[in-house]
1. Check off (1) crowded, with 23+ Cβ neighbours inside 10 Å; (2) within 13 Å of the ligand (Cβ to nearest atom); (3) at pLDDT 95 or above for Pro323 and give me the number that stays unchecked.
2. So Gly418 clears everything in (1) over 22 Å from Pro295 (Cβ atoms); (2) part of a helix (DSSP H, G or I); (3) touching a helix residue (DSSP H, G or I) at 6+ places or on another chain (Cβ under 6 Å); (4) open to solvent by less than 60 Å² (accessible area, probe 1.4 Å) except one condition, right? Which one?
3. How many residues are touching a His at 6+ places or on another chain (Cβ under 8 Å), assigned to a helix (DSSP H, G or I) and surrounded by 21 or more Cβ atoms within 10 Å (Cβ to Cβ) if we restrict to region 233-267?
4. Suppose we filter region 33-60 for residues that are under 30 Å from Tyr369 (Cβ atoms), more than 16 Å from the ligand (Cβ to nearest atom) and either in contact with a Gly (Cβ under 9 Å, 6 or more places away or on another chain) or open to solvent by less than 40 Å² (accessible area, probe 1.4 Å) (or both); how many remain?
5. Which one of these is within 28 Å of Leu235 (Cα to Cα), basic (Lys, Arg), open to solvent by 80 Å² or more (accessible area, probe 1.4 Å) and in contact (Cβ under 8 Å) with a residue 12 or more places away in the chain: Arg63, Arg79?
6. When the residues of region 366-382 are narrowed to those that are part of a loop (DSSP other than H, G, I, E, B) and in contact with a strand residue (DSSP E or B) (Cβ under 9 Å, 6 or more places away or on another chain), which ends up surrounded by the fewest Cβ atoms within 10 Å (Cβ to Cβ)?
7. If you go through region 166-198 one residue at a time, how many are in a loop (DSSP other than H, G, I, E, B) and within 21 Å of Val224 (Cα to Cα)?
8. If Glu354 satisfies all but one of (1) part of a helix (DSSP H, G or I); (2) away from the ligand (no atom under 15 Å from the Cβ); (3) among the charged types (D, E, K, R), what's the number of the condition it fails?
Amino acid sequence: MSSDQPHIPAPTVTVTDNRTGSSVDLPIVSSSHGASGIDVRPLQKSLDLLTFDPGFMSTASCRSAITYIDGGAGLLWYRGYPIEQLAEKSSFLEVSYLLLSGELPSAPHLDRFRDLITQHTMVHEGVLKFYHGFRHDAHPMAILLGVVGALSAFYPEAMEVSDPACRMTSAYRLIGKMPTLAAGAFKYLRGEPFIYPDDSLGYIENFLRMMFALPAAPYRINPVMVRAMESIFILHADHEQNASTSTVRLAGSSRVNPFATISAGISSLWGPSHGGANEAVLHMLQQIGDVKNIPQFIARAKDRNDPFRLMGFGHRVYKQYDPRARIIRKHCMELLDELDVRGQPLFKTALELERIALEDDYFISRQLYPNVDFYSGIILKALGIDTSMFTVIFVLARTAGWIAQWMEMIAEPDQRIGRPRQIYVGQTQRDYVPLAAR
Ligand code: SDX
């Protein structure tokens, strides 16, 4: 810096402990867009203090260049591209390439990426044998998280997470095999024979065929389903540091192989507060049963003493409409009209619930809007997909984002194992009391 330029101090925040009067200047970590952060790493050494943030409401766990969310403005960008444009103009494989590489592919690069994924759609026959160890009524998410983790046993070289080429091969394997494994869970559930991939088909078409084809009859690809599924996959591909992505980052930070890492992400996504909400929406709508019962369920949702919550409503980050919900709602309405099922009790209940909730002060005052899971549950139901497969569909889409986030974490120059601390509130040291004296 030349001497005539004014010295601009590095941005910091000063923290003072008023019990001791000690202070520390904490550097500010600048963002390219949205909130910057306070680097609290010097805090413990300087003031012997930890940060405390249950649920990580105000904690940035990492720097990331993959996805940007603005909860107040309702913005969602994948590598800077607004979700509205990607949902309208892109494809799931192109979005997967974008998330992984950071740039939209040229035509030759997209073709090459598609070929690399397609090479990995088959699974070892031993993997298919695992399915038969599950009860006939096992939840497909229980099966999926099991068989994905079990892939660790088939690709021991995947433990070489320091090798970029090895990471990329694992990425192709996971994106390529996930539809086959997911459809396998569905076929096992239905007691139907597994359908092997047909690599002459597109990614979505191949998945739908593995789900619904039967050996006894030719399978006709339904373009309505393909279009709806492509949009659902794009909208669910990544979403910043949500619970399952944070699980992937933390699990992967021990440098375990990516199959075990993604299996951990599947486990977290399964919860009804997270990706399991799309399935929970349908159970809730079936529980409500009829439009006339909505008021009592709205009352229960408001009652602090009742654990019941309106599934598909609310979001930790979005304090206005989830931009994905806005997009998927449009597709949802078009599909209900195309299939002429708007009048069916389940869908009538869903639309009336949405209307009432959006007018009710309890939801308005808490900025609780329908989220992506509310409408994806309705769309998947209208498409005739079994409710227990809804979160599996979410896994299929989010696998691309999880891998991109895992790769970004592992490739960090100073990557280290994640190991949060705690505020201990238990007993202070005390001596053992012999049994006879208790
Ligand atoms: C996903 O993080 C992501 O990005 C996730 C996701 C992704 O793409 O990865 O977007 C996908 O998981 C979407 C969310 C799907 N979950 C649901 O639809 C389940 C229902 N929603 C809630 O459980 C809840 O809204 C959460 C879990 C989504 C968010 O919970 P928060 O941020 O911890 O909110 P909170 O519990 O602090 O709620 C604030 C207030 C509370 O009331 P008060 O204590 O202020 O009186 O809002 C109330 C809550 O009781 N509230 C609800 C409610 N959600 C919040 N009341 C009734 N029904 C609800 N759904």
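1. (1)
2. Of (1) over 22 Å from Pro295 (Cβ atoms); (2) part of a helix (DSSP H, G or I); (3) touching a helix residue (DSSP H, G or I) at 6+ places or on another chain (Cβ under 6 Å); (4) open to solvent by less than 60 Å² (accessible area, probe 1.4 Å), only one is false for Gly418: (2).
3. The first filter runs over region 233-267 and keeps only residues touching a His at 6+ places or on another chain (Cβ under 8 Å), leaving 242-245.
Filter once more, so that each one left must be assigned to a helix (DSSP H, G or I): 243-245.
Subset that is surrounded by 21 or more Cβ atoms within 10 Å (Cβ to Cβ): 244-245.
Number satisfying all stated conditions: 2.
4. 2
5. Details: Arg79 fails: open to solvent by 80 Å² or more (accessible area, probe 1.4 Å).
Unique residue meeting the criteria: Arg63.
6. Looking only at region 366-382, we keep the residues that are part of a loop (DSSP other than H, G, I, E, B), and these are 366-369, 371.
Now drop any that are not in contact with a strand residue (DSSP E or B) (Cβ under 9 Å, 6 or more places away or on another chain), which leaves 368-369, 371.
On the way: Leu368: 20, Tyr369: 23, Asn371: 23.
In this case the residue turns out to be Leu368.
7. Residues that pass the stated criteria total 2.
8. Status for Glu354: all satisfied but (2).
The values are calculated or read from the model by the stated rules, or taken from the named source; none is laboratory data. Predicted model only: the values in this text are computed from it and were never measured. FYI the Cβ positions are ideal-geometry reconstructions off the backbone, even for glycines, and counts take in every protein chain you see. We work out accessible area using only protein heavy atoms, side chains counted, and drop any ligands, DNA or RNA first. Shrake-Rupley method; radii C 1.70, N 1.55, O 1.52, S 1.80 Å.
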